[in-house]
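Notes follow once the structure below has been shown.
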């Protein structure tokens, strides 16, 4: 069994005050391991995105523990969490979130520049990563000159360029057609998934379930069950 | 990250141009209107520059240089006798009407100077000779007047031409350069004796006594001594200039009118820049949230925003002050409206523009500081 990358213990998170308060995460115990591509699935409003935000350290918890690579994320100060994210986590968003006024190389180089790397070095690494995701000829195109699939590939390059140990993907294929969705997932499987890395994908898209090593189902703010290849449950999805 | 911040700014051309335009407009309005105000204030004291005397002695009730009370001719001798005074000379000043040969008439600012010493004579005579002023019925006209008094401004009045003041002939023997008067009337120089002939006769005709301090004497100290010894009021040129300026500031609506326009420029610049920059931040909120999620600290994002605002601020400032300067160069050639741009003015405008930028940046930074990076996970 691989080393644990992410573990949450009895995590609770709610929003609002008084009668309007909604408990979104209820005693969530979750784990993801190194070397696996884990999918987090469930109906809308079940708390997948909130759990993802908590794991990424972009949202605090009300109760419980969140350990990422053996660091208790929410015991760290705000600045330390920010630095931890910059060094260890790559993000792929549903809406890509590429900066429209920057070209592909500049967009991909952002995580390196946040870490303080010099522009020339960052751009060189970004260009190499764009080659890896098959966009070597689109380096100086702006996002609005690319298709949705290409934009998501740029986002994948941006998520990987600083070689993070955890990749967090929020509905990476939701805005893509079937063909592009498949390409993106194959890319994620081929480039992102490595023994020394953990990939967590939140998705609704049952077309891509086949790419998962494990699939954790959420229901009403709780982890319902986890399907694994070992128990062949993935085959039925 | 900072050069990416600039690319983010420059990439949104519409907002960039809007920001630059707003700040340019603000800088232009503040600098230009303040410079016109300074120009008007300079005109208020232009007689002091055109009649260059270190000490001015006037009636004690006089409040400003353009409104003097006549004194007795004997006051010249009283001033001359005060210790430390090297020389003292009479001066007449008044607004008189000239009648041209073609029947037209114009007001002039007549300056009568001492025929012996020529104390207070124009310094920059571009045609003719000062000595010719000792000839009867002669005047030296300023360059502006040579055009204004002429029927055809393309053919300015030249040497030897004549007109009438109070039915007396005045023959032009010189043309000089002067600073424009507050009233807009041309300066006309003649001797004191000739001036009192031109002017309507009153019991007392002496407007001021011009004086100079003896070598090694401080003009301010000499002026105090004149005050004590004569009961008249003596000022150094600088003191009289500021006394006059403050009189205009306190007793006219000029500062309010120009001050309101300067404030308007500031407010318009502030409103346009803050609103545009804030909407720029709002539109980029998801991207900024993504940067924050990826590990960009509040400090990095604040520096990016500061760089963006101060970049547009400095460009807008440069354009605004540049346009104000071009405006100044054009109007100075034509002589209207008044324009004076002291070095302090661009610095004050710079401070105002930087304040606007700081305020606009603060709004954006505040928004970003409160921004939850988790926003990027919400579809």
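Read-outs: derived from the displayed coordinates by stated rules, not from any lab. Just so we're clear, the structure is a prediction, and the values are computed from it rather than from any experiment. No Cβ is skipped: glycine too gets one built from the backbone with ideal geometry, and neighbour counts run over all protein chains shown.
Taking the Kirkwood radius as the inverse of the mean 1/r across Cα pairs, report the Rg/Rh of chain B.
1.19
Under 20 °C and 1.002 mPa s, how fast does chain A diffuse according to Stokes-Einstein, given a Kirkwood radius computed over C-alpha pairs? Answer in µm²/s, whole number.
118
Based on the mean of other Cβ atoms within 10 Å per residue, sort peptides B:110-117, B:311-318 so the most packed one is first. Provide the component values of the computation, followed by the final result.
Numbers: B:110-117: 20.4, B:311-318: 22.0.
Taking the mean over residues of other Cβ atoms within 10 Å, the ranking is B:311-318, B:110-117.
Considering the zone a paramagnetic label at residue B:118 would reach in this model (a point 7 Å from Cα along the Cα-to-Cβ line), which residues of the stretch B:33-52 have amide N under 17 Å from it?
B:50-52
How high is the relative contact order of the stretch B:72-231? Use alpha-carbon pairs under 8 Å, at least six apart in sequence, and give a whole percent.
Relative contact order for the stretch B:72-231 comes out at 35 percent.
Along the principal axes of its C-alpha atoms, what lengths does the stretch B:72-231 span, in descending order and rounded to whole Å?
Per principal axis, max minus min of the Cα coordinates gives 51, 33, 29 Å.
With springs only between Cα atoms under 10 Å apart, run a GNM on chain A and tell me which of A:173, A:216, A:82 wobbles the most.
A:82
Which of B:44, B:208, B:319 ends up with the largest GNM mean-square fluctuation for chain B, with Cα atoms connected below 10 Å?
Highest fluctuation of the listed residues: B:319.
Normalised by the number of residues in chain B, what is the relative contact order in percent for Cα pairs under 8 Å and 6+ residues apart?
Here the relative contact order equals 30 percent.
With 10 angstrom as the radius, rank B:150, B:201 by how many other C-beta atoms surround their C-beta, starting from the fewest.
Details: B:150 18, B:201 8.
By the 10 Å Cβ count, ascending: B:201, B:150.
Over the Cα atoms of the protein assembly as shown, what is the Rg over Rh ratio if Rh follows Kirkwood?
Here Rg/Rh amounts to 1.31.
In what sequence do B:242, B:343 fall when counting other Cβ within 10 Å, fewest first? Provide the component values of the computation, followed by the final result.
Working: B:242 14, B:343 6.
In order of increasing Cβ crowding within 10 Å: B:343, B:242.
Calculate the mean, over all residues of peptide A:99-105, of how many other protein chain Cβ atoms lie within 10 angstrom of the residue's Cβ.
Counting other chains' Cβ atoms within 10 Å and averaging over A:99-105 gives 5.
Per-residue Cβ counts within 10 Å, from other chains only, averaged over A:59-66: what number is that?
1
Taking chain A as a Gaussian network, Cα atoms linked when under 10 Å apart, which of A:206, A:180, A:107 shows the biggest mean-square fluctuation?
The residue that fluctuates most here is A:206.
At a Förster distance of 25 Å, what's the computed FRET efficiency of residue A:22 paired with residue A:79, Cβ-Cβ distance as r, to 0.05?
After rounding, the FRET efficiency stands at 0.25.
Using alpha carbon centroids, what distance separates the stretch A:1-78 and the stretch B:323-349, in Å?
What the calculation gives is 64 Å, centre to centre.
If each residue's Cβ is checked for other Cβ atoms within 10 Å, how do B:273, B:207 rank with the fewest at the top?
B:207, B:273
If you restrict to DSSP beta bridges whose two residues both lie in the protein assembly as shown, what percentage is antiparallel, to the nearest 5?
Taking every DSSP beta bridge within the protein assembly as shown, about 70 percent pair in antiparallel fashion.
Can you work out the base-10 log of I(q)/I(0) for the stretch B:141-188 at q = 0.26 1/Å, using the Debye formula on its C-alpha atoms alone?
-1.03
What average number of partner chain Cβ atoms lie no more than 10 Å from the Cβ of the residues making up B:243-255?
Partner Cβ neighbours, averaged per residue: 0.
If you bin every alpha carbon distance in the stretch B:1-132 into 10 Å steps from zero, what whole percent lands in each bin?
9, 24, 23, 14, 9, 10, 9, 2
Using the beta-carbon distance between residue B:67 and residue B:278 and R0 = 51 Å, what value does 1/(1 + (r/R0)^6) give for FRET efficiency, to the nearest 0.05?
Efficiency at R0 = 51 Å is approximately 0.50.
Nearest 500 deg cm²/dmol is fine: what mean residue ellipticity at 222 nm does the protein assembly as shown get from its DSSP H runs of n ≥ 4 alone, each adding -39,500 (n - 2.57), divided by its residue count?
-14000 deg cm²/dmol
Taking the DSSP beta bridges in the stretch B:72-231 as the whole, what percent of them are antiparallel, to the nearest 5? Can you show the working numbers first?
On the way: 27 of 37 bridges.
Antiparallel bridges make up about 75 percent of those DSSP assigns within the stretch B:72-231.
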